[in-house]
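Please read the structure below before turning to the comments.
Readers should treat all values here as calculations from the given coordinates under stated rules, not as data from a laboratory. All values derive from a computational prediction rather than experimental measurement. No Cβ is skipped: glycine too gets one built from the backbone with ideal geometry, and neighbour counts run over all protein chains shown.
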Amino acid sequence: MVILIHFPISVKQYAQASTCPGRDIPLPEQCPHPDCQARLCLIRWGSYQRWVSAAEGDYQVRIQRVRCSACGHTHSLLPDFLHPFRQYELALLQQVIQLYLLAGLGFGRIMAALPETGPALSTIREWVAAFGYGAGHLLAGLLSRSLLAIEPEAELPGPAPPHLRRSCDPNLPSAWSAWQITEQLYAQVKLQQPRLHFSAPDILTFGLHWLQNQAIPPRFFWSPRLKTTPTRPF
């Protein structure tokens, strides 16, 4: 499993650090495995390298592993500039989703807005479909219930924009609503925690941390083609 960790540095700074940044941070207090949840039992357990594709190029980063001494499961301390199981940095995934869901751009115009060294057309199509399934099918209902639990008077989003209602993907209108609700959740949490280190441009980063705090897998992008992807909404 992964444990999202906020590092107040860029991908480049993380990659160029002289030692693995995960070695120097306090360990999470609780094992995230749903069958364990033991407290103060995590120990550092080596590290591994992986590649990250960012707008300005590719970087090799070292990820800290931890092990729970109570249940024996190992977990990765994943920097929150990444989305679990995605090679590209989260900021680039968010840019694509914003351009498609919110700005209404087609895939051709999105490709023109991305760096020349950015993802292929087939990749951004997969991102949109995975976000539609993850945010729209799996998470939209959970996000709505959570917002109303925090603020019963909150107004849920209305109909999605016409370009999404005409889409052949039935999950995209719900994914648009999930985005709007995540922004409202951020606003409500910000009222309670004024020093929250996220800002509006970090809406998906905030959302991933919020899901993790609710003991939900911190993922918005779920490929519907994989057998390991849940079929029932959270």
> Using modelled amide H (1.01 Å from N, peptide plane; none on Pro or chain starts), what sits under 5 Å from the amide H of H73, excluding residues fewer than 5 places away?
Replying inline: C68
> Where Rh is the Kirkwood radius over the Cα pairs of segment 1-86, the temperature 37 °C and the viscosity 0.692 mPa s, what D in µm²/s does Stokes-Einstein return?
Replying inline: 245
> What Cys residues in the chain have no fellow cysteine's beta-carbon under 4.7 angstrom?
Replying inline: C20, C41, C168
> Label point 7 Å out from K12 along Cα-to-Cβ: which residues of segment 45-63 have amide N under 16 Å?
Replying inline: 52-61
> Given H placed 1.01 Å from N in the peptide plane, which residues other than close sequence neighbours of W45 have an amide H under 5 Å from its amide H?
Replying inline: R65, V66, R67
> Short version: ³J(HN,Hα) in whole Hz for each residue of segment 158-171, in order, from phi by Karplus 6.51 cos²θ - 1.76 cosθ + 1.60 (θ = phi - 60°), x for Gly and Pro, what are they?
Replying inline: x, x, 5, x, x, 5, 8, 5, 8, 5, 7, 8, x, 7
> Under the definition of Cα pairs under 8 Å and six or more residues apart, what whole-number percent is the relative contact order of segment 2-79?
Replying inline: 34
>> Which one, P119, L92, I150, is farthest towards the positive end of the dipole of segment 90-213 when Lys and Arg carry +1 and Asp and Glu -1 on their Cβ?
In response: P119
>> Taking just the alpha-carbon atoms of segment 90-213, what radius of gyration and Dmax come out, in angstrom?
In response: 14.8, 45
> Does anyone have the angle between helix 172-192 and the longest principal axis of the chain? Alpha-carbon axes, 0 to 90°, nearest 10?
Replying inline: 50
> Exposure proxy check: T123, T117 ranked by fewest other beta carbons within 10 Å?
Replying inline: T117, T123
> If you place +1 on the Cβ of every Lys and Arg and -1 on the Cβ of every Asp and Glu, how big does the dipole about the Cα centre of the chain come out, in debye to the nearest 20?
Replying inline: 560
>> Only counting other Cβ atoms within 10 Å, I'd like H197, H75 sorted with the fewest neighbours first.
In response: H197, H75
>> Quick one: 3J(HN,Hα) in Hz for segment 130-135, Karplus 6.51/-1.76/1.60 with θ = phi - 60°, rounded, Gly and Pro as x.
In response: 5, 5, x, 6, x, 6
> How do T182, T231, T74 rank when sorted from fewest to most other Cβ atoms within 10 Å of their own Cβ?
Replying inline: T231, T74, T182
> Taking the DSSP beta bridges in the chain as the whole, what percent of them are antiparallel, to the nearest 5?
Replying inline: 75
>> Among V11, V189, V128, which one shows the highest mean-square fluctuation when the chain is modelled as a Gaussian network with alpha-carbon springs under 10 Å?
In response: V189
>> Mean-square fluctuation check for the chain, GNM, Cα pairs under 10 Å: which of W222, W210, W45 is largest?
In response: W45
>> Under 5 Å between amide hydrogens, which residues at least 5 positions from Q37 or on another chain qualify, with H placed 1.01 Å from N in the peptide plane?
In response: C31
>> Show me, for segment 85-93, the HN-Hα J-couplings you get by feeding each phi into the Karplus relation (A = 6.51, B = -1.76, C = 1.60, θ = phi - 60°), rounded to Hz, glycine and proline as x.
In response: 6, 10, 7, 7, 5, 4, 4, 6, 4
>> Compute and list, largest first, the equivalent-ellipsoid semi-axes of the chain from the alpha carbon gyration tensor, each √(5λ) rounded to a whole angstrom.
In response: 29, 23, 17
> What longest range of the chain stays clear of loop-exposed trypsin sites (Lys or Arg not before Pro) (DSSP non-H/G/I/E/B, at most 11 other C-beta within 10 angstrom)?
Replying inline: 1-165
> In whole angstrom, how far apart do the alpha carbon centroids of segment 118-136 and segment 143-191 sit?
Replying inline: 19
